[in-house]
Amino acid sequence: MRTARQPSGTALAGSVIRCAASVGLVATLTVWLAACTTPPKLEPPKVSIVGLQVVKAEVWVQHLKIRLRLHNPNDRDLPVTAVEYTIEIAGQNAASGSYAEKFVVPAHGDAEFDTSVVANLAGALLKLLTHVPSTLVPYRLNGKITLGEGLGRIPFEEYASITP
């Protein structure tokens with residue numbers, strides 16, 4: 001007949017230490033993985049129109065080349081993979097566009113790029129004609145910036161004015 005051996009005090013202490021070490025390792029890995037999967041809180045970049053060129057104009061459709069500037073207010077570089085935007089002029093939807101080439105906006109720095117859009121400025125122009133004459137035309141630029149490195153998407157919205 002066999003009898004079960006009881007572990008000695010030293011063997012029992014070793015088992016407890018190995019178990020505690022395993023629990024500690026699992027807890028550390030869990031915290032580390034959670035930190036890796038949670039994107040950091042980022043401030044939205046400031047997006048502005050810095051150039052506008054009419055490429056081709058027809059009565060109802062205008063082909064424009066727009067130069068946009070992104071200013072990064074964050075302490076880290078922003079790896080941009082895409083930008084989608086809409087432009088409203090005097091409260092009327094005038095154009096929307098996108099840009100899908102990768103670039104990096106340095107921390108506290110700027111990056112500029114050109115994008116082509118097809119616009120319908122007829123509604124905006126009619127509204128401007130009934131608006132009090134001014135040398136500045138108000139616009140709203142809003143959209144989303146898609147970031148690489150698992151940082152997600154950041155919405156943006158800017159109100160400004162341009163001189164016609």
Residues (exposed (fewer than 14 other Cβ atoms within 10 Å of the Cβ), outside any strand (DSSP E or B) and modelled with pLDDT of 90 or more) located in the stretch 110-151: 148, 149, 150
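Does residue 70 satisfy being aliphatic (A, V, I, L, M) and modelled with pLDDT of 95 or more?
On the way: aliphatic (A, V, I, L, M): yes; modelled with pLDDT of 95 or more: yes.
Yes.
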Filtered residue count, the stretch 41-76, keeping only those that are part of a loop (DSSP other than H, G, I, E, B) and either without any contact (Cβ under 8 Å) to a residue 12 or more places away in the chain or crowded, with 16+ Cβ neighbours inside 10 Å (or both): 7
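The values are calculated or read from the model by the stated rules, or taken from the named source; none is laboratory data. As the structure is a prediction and not an experimental result, all values here were calculated from the model. Methodologically, a virtual Cβ is constructed for each residue, glycine included, from the backbone with ideal geometry; neighbour enumeration extends over all protein chains shown.
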